[in-house]
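Remarks on the structure that follows.
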Amino acid sequence: MHLLDGVTPELIVFVLAGAACVAGALGVVLSSNPVHAALSLVGTLFGIAVLFVAQHANFLAAVQVIVYAGAIVVLFLFVIMLLGVDRAEDLSIEPLGGGQRVAAAIVGLGILALPLAAFASVDGEATGARPAVGAANALDRSTPDVAQLGESLFTTYLFAFEVTSVLLVIAVVGAVVLARKVKRAEYVDDPLVEAHLAELAAAAEPAGDEAPVATVEEPVDSEVGG
Amino acid sequence: MMLAVVEVTPAWYLALGSVLFAIGAVGLLVRRNPLVMFMCVELMLNAVTLTFVTFSRMLNDVNGQSVVVFVLVVAAAEVVVGLGIIVALLRKLPSATADDITVLKG
C-alpha cells in the first residue's frame, strides 16, 4: 500500500484517460489503414469524454460520446466503406519532396512548446483571465452543470444558438448537393479528371531515355468505386 | 516509503490538450489521405474543447462549456460538408491524395 499513498483517484483517471487520448491520437496519425485511424479516433474521443467527467462537465461528456463517437466517427466509417478506400497505404513515400516531414516536426514542436511554456510560466494564468466570482456566468457546484449550461445557452447565447440551427440546415443542403450522383455527361470536361488521365497516360508510356520521375505515382486501382 | 500526494492540477489538462493539438497538426501536415487529414482536424478540435473545459473549471465560468457546445455543432456541420466534398472527389478519382487536387493552382 505504500506505493499507492500518493495516488489520488483523479490521478489514476487522468493517467488512464490521457494515455488513451495520446495513444488514439498517435494511432490516427501513424496507422496506414483509414479504418484503423477512425477506430483510434474513437479512443481519443472517449478519453476526452472521461476527462470531461473528471472536470464536472457531465453533459458535455455525454454529448461528446453521442455526437463524436456515435455520429461523426460512424460517418467517417460510412464514407470509408462507401468509397472502398479501406486499403493500407504506403506511409514511407515522401509526398512533397524532401524536408516536408522535418518541417512538420518543427511546426509540431513549436505548437507544442508555445502553450506549454505559457502554462508553465505563471501557473496557468498566461491568459490574464480572472475567476468569475459572483458574476452571472459563474459556475455553481451545487446546481447541475446541465441546468447552468442550458441557462447560459438559452439566455446569453440565444441568438448564436438559433444561428447554429441555420448553419446545420446549410450543412445538410450542402452535403446533399455535393454528394449527389453526378450524371455521366458531367465527367467529360472536368479539368481535374482530364489532368489526371493525361498524367496517367504519360506515366503509362515507356519512359525511354528520360530520367526517372522524382514523384512516386500511385497505381490507380480501376476495380474500386464501381 | 512515503510519496508526496500527487495533485492533478488543471495545467496537466492544458498540457495534454496541447500535446493532442500538436499531434493533430503534425498529422495534418504529414498525411496525404484526405480522410485521415480530416480526422486530424477533429483531433485538433477536440484538443481545443478539452482546453475550454479546463479553463471553464479553472475560472469557475460556465461560458467555457457553452463555447464547447458551439464547437461541437460547428464540427458536426464541418464534417458533413467536408465528407461530402471528399465523397465527390474520391468518387471521380478513387486513389486521389491531397496532392492531386491542383486544379486551382496558379
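The values are calculated or read from the model by the stated rules, or taken from the named source; none is laboratory data. These numbers were taken from a predicted model, which means no experiment stands behind them. Using ideal geometry, Cβ is built from the backbone for each residue, glycine included, and neighbour counts are taken over all protein chains shown. Note: accessible area is taken over every heavy atom of the protein model, side chains too, but ligands, DNA and RNA are not part of it. Shrake-Rupley method; radii C 1.70, N 1.55, O 1.52, S 1.80 Å.
Side notes on the structure shown:
- Residue check: A:LEU82 meets all listed conditions (1) surrounded by fewer than 11 Cβ atoms within 10 Å (Cβ to Cβ); (2) within 8 Å of another protein chain (Cβ to nearest Cβ); (3) modelled with pLDDT of 75 or more but one, namely (1).
- Residue list for the stretch B:57-70, filter: more than 7 Å from every other protein chain (Cβ to nearest Cβ) and open to solvent by 30 Å² or more (accessible area, probe 1.4 Å): B:VAL67
- Screening the stretch B:76-106 for residues that are within 18 Å of the chain's Cα centre (by Cα) and more than 7 Å from chain A (Cβ to nearest Cβ) and picking the one that is least open to solvent (accessible area, probe 1.4 Å) gives B:GLY82.
- The listed residue being open to solvent by less than 60 Å² (accessible area, probe 1.4 Å) and farther than 19 Å from B:GLU78 by Cβ, out of A:ALA38, A:ALA88, A:ALA61: A:ALA61
- When each of B:THR54, B:THR49 is tested for being crowded, with 20+ Cβ neighbours inside 10 Å and either touching a residue at least 40 places away in the same chain (Cβ under 8 Å) or of a type in the set (Lys, Arg) (or both), the lone residue that passes is B:THR54.
- Pairs are defined by a Cβ separation below 9 Å, a sequence spacing of at least 6 or placement on different chains, a first member in the stretch B:30-42 that is facing chain A (nearest Cβ under 7 Å), and a second member that is of a type in the set (Ser, Thr, Tyr) and assigned to a helix (DSSP H, G or I); the pairs so defined are B:MET39/A:SER40; B:GLU42/A:THR44; B:GLU42/A:TYR68.
- Residue check for B:PHE21: of a type in the set (A, V, I, L, M, F, W, C), within 12 Å of A:ALA25 (Cβ to Cβ) and either modelled with pLDDT of 90 or more or crowded, with 21+ Cβ neighbours inside 10 Å (or both): yes
- Helices (runs of 4 or more DSSP H) fully within chain B counting 1 or more residues that are of a type in the set (D, E, K, R): B:34-58, B:63-92
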